[in-house]
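One structure is given here, and the rest of the page talks about it.
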Amino acid sequence: MCQNQDHDDVHGLPVTERIVLWALRAWVIGQRKRMAVDAVITERLEWIGAERLAPLFDGLMSATALGAVRPLTVQCVCQPGVSEDERALLDALALAQKGRSFETVLLLRCFLLPAMAAEVARLACLIGEGLSQAGRVLNLRPLGSAQYALAAEDHRLGAVSLAIH
């Protein structure tokens, strides 16, 4: 990971994040064990009214797996902890849902090739839109990179002064 993040506990996450994380984890299990998990992911997403997003999760995770520049840590669905990589994916989805696509790509570039980071960001935006339509919101945590990536947003045009010592 690019930044040091805390390890969350799954049980402390809001229900939408728990189900999204479960879907990401189930996808990995399906790939590793060569099991069909589409139906069970769809069923779990139905709990939050987002069952139609299952194919987007498949695309998002496929692109993530293909574009990873290093091994990513995605836990088993039974694990209570949230890995830094899982937290980064949840953060990327939350950023995308809020329309912060530039920051989404920056975060994804920490572990994805540039073209795949852009594709995963695109899919994350679609997932975010679908979750919003279902009345679900992913929590946006304060991210350390945000202070640098969009620092100019906090200043009015012409209100910046430079001091040279």
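The values are calculated or read from the model by the stated rules, or taken from the named source; none is laboratory data. These figures come from a predicted structure and were not determined experimentally. Note: ideal-geometry Cβ built from the backbone for every residue, glycine included; neighbour counts use all protein chains shown.
Which of the residues belonging to the range 98-126 are surrounded by fewer than 18 Cβ atoms within 10 Å (Cβ to Cβ), of a type in the set (A, V, I, L, M) and closer than 20 Å to Thr73 by Cβ? Matches in the range 98-126: Leu113 only. Against the test of being touching a His at 6+ places or on another chain (Cβ under 7 Å) and not basic (Lys, Arg), the options Gly59, Gly12, Gly99, Gly81 yield a single qualifying residue, Gly81.
Taking the numbered list (1) under 14 Å from the mean Cα position of the chain (by Cα); (2) surrounded by fewer than 20 Cβ atoms within 10 Å (Cβ to Cβ) in turn, Glu46 passes all entries but (1). Against the list (1) aliphatic (A, V, I, L, M); (2) under 15 Å from Leu138 (Cα atoms); (3) at pLDDT 95 or above, the condition Ile41 fails is (2). Note on the range 58-93: among residues that are part of a helix (DSSP H, G or I) and in contact with a Ser or Thr (Cβ under 9 Å, 6 or more places away or on another chain), the one that is surrounded by the fewest Cβ atoms within 10 Å (Cβ to Cβ) is Glu84.
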